[in-house]
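Contents: one structure, followed by commentary.
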Amino acid sequence: MAAAETMAGTAQPPPPVYEPVASCPASVLLAEDSASLLHSTCALWATVFAKPGRTAETMQAAQQAELEGEAREEQWHVVWRPAVGGSGDQMVVAACRSFVRVIKAGDGQEVRVLALAHVASHPDTRGHGLGLQVVRAAMKRVDDDPTIAASLFQTGVPKFYTSKLGAVEISHGVVNSTGEGSDEKRRNGFWDPHVMLYPASAAGAWPKGAIDLMGPGY
């Protein structure tokens with residue numbers, strides 16, 4: 001029996017093919033407002049983080065507004081599925097954002113950290129480790145840049161980051177002393193129940209006390 005056949009004799013579909021993770025400055029992507037990659041990334045986020053009125057276009061506009069308001073060395077990390085049937089359209093199936101923020105630790109010292117946001121994978125492609133790939137690409141910025149102390153982020157699924165990435169959960173409160181932000185939760189700081197640091201080794205020397213984002217939550 002051929003390997004591509006099941007016991008019933010039905011041919012199995014070939015495994016999906018995905019491009020390697022691509023990391024690109026967000027400013028470059030947003031400047032190309034007609035690019036299919038940009039539209040597909042924002043469409044993915046609109047699907048995964050759905051709420052009334054949210055579309056790929058509104059997501060793109062929101063990201064553009066954030067970049068115009070703050071210089072923060074932002075990159076987008078994406079995995080896409082190549083065009084099928086010569087259509088020329090790429091479908092982004094996993095993505096996240098990373099950007100540098102200066103925050104104030106509990107001892108009052110200002111620290112450069114890497115923010116992680118909009119981690120998403122398409123519901124139809126989960127189970128292939130694509131979300132982990134884009135997060136690892138983002139965390140490589142911490143590994144490669146000694147001026148970034150750690151990655152500081154929030155999540156509702158801490159086990160994903162502790163068991164697969166090498167992050168650690170911390171018990172520090174996270175606030176935003178500026179009161180700035182597009183909505184109440186961002187004006188208050190973090191809103192998810194778990195605060196994470198990457199790498200885990202960074203937690204040992206991290207000062208006690210509340211962390212001040214000195215800007216909107218992410």
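Ordered by solvent-accessible area of protein heavy atoms (1.4 Å probe), largest first, the residues ASP145, ASP107 come out as ASP107, ASP145. To the nearest 10, the accessible area of SER40 is 20 Å² with a 1.4 Å probe. Its Cα centre serving as origin, the stretch 114-218 has a Cβ charge dipole (Lys and Arg +1, Asp and Glu -1) of approximately 240 debye. Backbone amide hydrogens, once placed in the peptide plane, bring ILE170 within less than 5 Å of VAL195, MET196, LEU197, excluding anything fewer than 5 places away on its chain. Along the axis of the charge dipole computed for the stretch 39-193 (Cβ charges of +1 for Lys and Arg, -1 for Asp and Glu, origin at the Cα centre), the listed residues HIS118, LEU132, THR178 are led at the positive end by LEU132. Taking Cα atoms only, the orientation of helix 130-144 departs from the longest principal axis of the chain by about 40 degrees.
Each residue was assigned an accessible area with a 1.4 Å probe, and for VAL28 the value is about 80 Å². Set the bar at 21 Å for Cα to Cα. Now go through LYS51/LYS164; LYS104/LYS164; LYS140/LYS164 and name every pair that lies beyond it. Where the Cα-Cα span goes over 21 Å, the pairs concerned are LYS51/LYS164; LYS104/LYS164. When only alpha carbons are used to place a centre, the stretch 30-71 and the stretch 176-205 end up 22 Å from one another. Dividing the convex hull volume of the alpha-carbon atoms in the chain by its residue count gives 155 Å³ per residue.
If both residues of a DSSP beta bridge must be in the chain, then about 85% of such bridges are antiparallel. Only helical runs count toward this figure. For the chain, summing -39,500 (n - 2.57) over DSSP H runs of n ≥ 4 and dividing by all residues gives -8000 deg cm²/dmol at 222 nm.
Taking the Cα centre of the chain as reference, the dipole from Cβ charges on Lys and Arg (+1) and Asp and Glu (-1) amounts to some 560 debye.
Each label was represented as a point 7 Å from its Cα along the Cα-to-Cβ direction; for VAL17 and LYS208 these points are 5.7 nm apart. Solvent-accessible surface (1.4 Å probe) assigned to HIS39 amounts to roughly 90 Å². Two decimals, Cα atoms only, Kirkwood Rh: what is Rg/Rh over the stretch 25-80? Ratio value, two decimals: 0.95.
The values are calculated or read from the model by the stated rules, or taken from the named source; none is laboratory data. Note that this is a predicted model, so its numbers are computed, not measured. As a convention, Cβ positions derive from the backbone with ideal geometry for all residues, glycine included, and neighbour counts pool all protein chains shown. Each accessible area value is taken on the protein alone, full model and side chains, heavy atoms only, with ligands, DNA and RNA left out. Shrake-Rupley method; radii C 1.70, N 1.55, O 1.52, S 1.80 Å.
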